[in-house]
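One structure is given below, encoded as structure tokens.
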Amino acid sequence: MNYNEAVEKLQKFGQTHVLKYYDELLESQKLELLAQIEATDFSVTALCNNASYEVEKGVITPLAAMQLSEIEANKEEFRTLGVDAIKKGKVGAVLLAGGMGTRLGSDDPKGMYNIGLTKDVYIFERIVNNLMDVVKETSTWIHLFIMTSDKNHDATTRFFKEHDYFGYNQEYVTFFMQEMAPAADYNGKVYMEEKGKIATSPNGNGGWFISMAKWGVLDIVKKAGIEWLNIFAVDNVLQRIADPIFVGATIANNAAVGSKVVRKAAPDEKVGVMCLEDGRPSIVEYYEITDEMMNAKDENGDPAYNFGVILNYLFKVCDLEEIMNKHMPLHIVEKKIPYIDENGKYVNPEAPNGYKFENLVLDMIHLLDSCLPFEVVRNKEFAPIKNKTGVDSVESARELLKQNGVEL
Ligand code: UTP
């Protein structure tokens, strides 16, 4: 794209300020900026004009979860099925580590955070150790695919190398990068993070499968004969990955996706809840839950919308391939976005100053025909690290790790 073409494209979207410092740039920087303008989808910024925009929901009805008692009664059958699938190489794991972890307030990738007290215990290390439990149980290496973003790829790959993959078999670890989207102020003007670079942010955790395809990682999945992909968030340090019982239950139920869920601690707890929307599996975010839903009861008199998702899903690969080109809604998320101000000075804001644009995994679930919500014990499998202190923090996760016998 040449300069005039760039101006034309920017004018169309009201973004000509992107070229404000163009004349000050080195030749190589000019070329990089023109290439970025060509590659950027500015149409997403139109969403800022309608900040209260959220995707319209259909008719919501309950979706029963497989609860602990039922799981316990069928545990050995599920385990046998799951172990068999893992031993045959049919299960892979996908670590979603492309996020920015802005709430934690560290510039490093979240997985590099050291939660140890008397020794080093990194989040990535905890994740690998948890997966190793299943590797040992099944005597089988499980492919681990790690999604990074432009913002943290180099640091993440370097960290794994420096720590010798925390003892994992390097041949079974593959990194791939997710796509980026521009970040904009409240009026939809994209921010600049350098004089020659538009501010970008990872485009959410919903693009992981498409990014796997774009990076050629899907070829590894196919070649290895992987039929199920267990995706999970980097920040749950009690995360059980490729859990044979969960794998077996999802297979036995012939579900397109299995979703680990926890019983809600309170009706208004801030977790997304599994349900059906127009008869298809779906997740209602906590801020979308109505009083009617909070008070609804199932046939046993228990709350009908009682199971929250913990971002641990087991997807059937062939079903994902069918939906991968279907449209997914874009969500706008308020965030702190570092930028260059009108005087050319770099600003790292203390409070949110604009929006980023994201696709979310939960929208993939809604494109699938069936989902098995699978209950797990919260204190054993859910210790998210979102914040530095308070709820879902380093402190609360440390407490839960200790309860589970992990030395810190
Ligand atoms: P969060 O929704 O907690 O977002 O991610 P985040 O960016 O990590 O953290 P904050 O909101 O800025 O503090 C949930 C999971 O999805 C991954 C994260 O790495 C985490 O495992 N994720 C999120 C991605 O892989 N890519 C994204 O673009 C966003």
Next on the checklist: With the cut-off at 29 Å, tell me which of the pairs K223/K270; K110/K136; K119/K380; K136/K316 have Cα atoms farther apart than that.
Outcome noted: K223/K270
Item to check | Degrees between helix 75-87 axis and first principal axis of the chain (Cα, 0 to 90, nearest 10) | outcome: 50
Item to check | 17 Å cut-off, amide nitrogen to a point 7 angstrom out along N187 Cα→Cβ, residues in the range 343-378 | outcome: 343-344, 353-355
Checklist outcome for this item: Neighbours of S149 by Cβ distance under 12 Å: Lys/Arg at +1, Asp/Glu at -1, summed charge -1
Item to check | Whichever lysines have a C-alpha closer than 18 Å to that of K345, once near sequence neighbours (fewer than 8 apart) are set aside | outcome: K20, K189, K195, K197, K336
Checklist outcome for this item: In a Gaussian network model of the chain with springs linking alpha carbons closer than 10 Å, the residue among D84, D164, D108 that fluctuates most is D164
Next on the checklist: I'd like to check one number: the per residue accessible area of the range 250-404, probe 1.4 Å, reported in Å² as a whole number.
Outcome noted: 47
Checklist entry - Expressed as an acute angle from 0 to 90° and rounded to the nearest 10, what is the orientation of the C-alpha long axis of helix 27-39 relative to the principal long axis of the chain? => result 50
Checklist outcome for this item: Rounded to the nearest 5, the percent of antiparallel DSSP beta bridges in the chain equals 60
Checklist entry - If you average 1/r over every pair of different alpha-carbon atoms in the chain and take one over that average, what Kirkwood value in Å do you get? => result 22.6
Checklist entry - With each pseudo-label sitting 7 Å past Cα toward Cβ, what's the N254-A35 distance in nm, one decimal? => result 5.0
Next on the checklist: What does the extension gain come out to for D84 and A265, with contour length at 0.36 nm per residue minus their alpha carbon separation?
Outcome noted: 61.7 nm
Checklist entry - Of the residues A266, A256, A64, which exhibits the maximal mean-square fluctuation in a Gaussian network model of the chain defined by a 10 Å Cα contact cut-off? => result A266
Checklist outcome for this item: For the range 121-256, the Cα-Cα pair-distance distribution in 10 Å bins from 0, as whole percents, is 10, 34, 35, 15, 6, 0
Checklist entry - Taking 0.36 nm per intervening residue step and subtracting the Cα-Cα distance, what contour gain separates K75 from R280 on full extension? => result 71.1 nm
Checklist entry - Roughly how tilted is helix 394-403, in degrees to the nearest 10 and between 0 and 90, from the longest Cα axis of the chain? => result 20
Checklist entry - Build a GNM of the chain with springs between Cα atoms under 10 Å: which of K119, K336, K380 gets the top mean-square fluctuation? => result K119
Checklist entry - Of all accessible surface on the chain at a 1.4 Å probe, what whole percent is carbon and sulfur? => result 47
Item to check | Those residues of the range 169-189 whose amide nitrogen sits under 17 Å from the label point placed on S43, 7 Å along Cα→Cβ | outcome: 180-182
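The values are calculated or read from the model by the stated rules, or taken from the named source; none is laboratory data. Given the structure is predicted, the values throughout are model-derived calculations rather than measurements. As a convention, Cβ positions derive from the backbone with ideal geometry for all residues, glycine included, and neighbour counts pool all protein chains shown. Quick note on the areas: whole protein, heavy atoms, side chains included, nothing else; ligands and nucleic acids left out. Shrake-Rupley method; radii C 1.70, N 1.55, O 1.52, S 1.80 Å.
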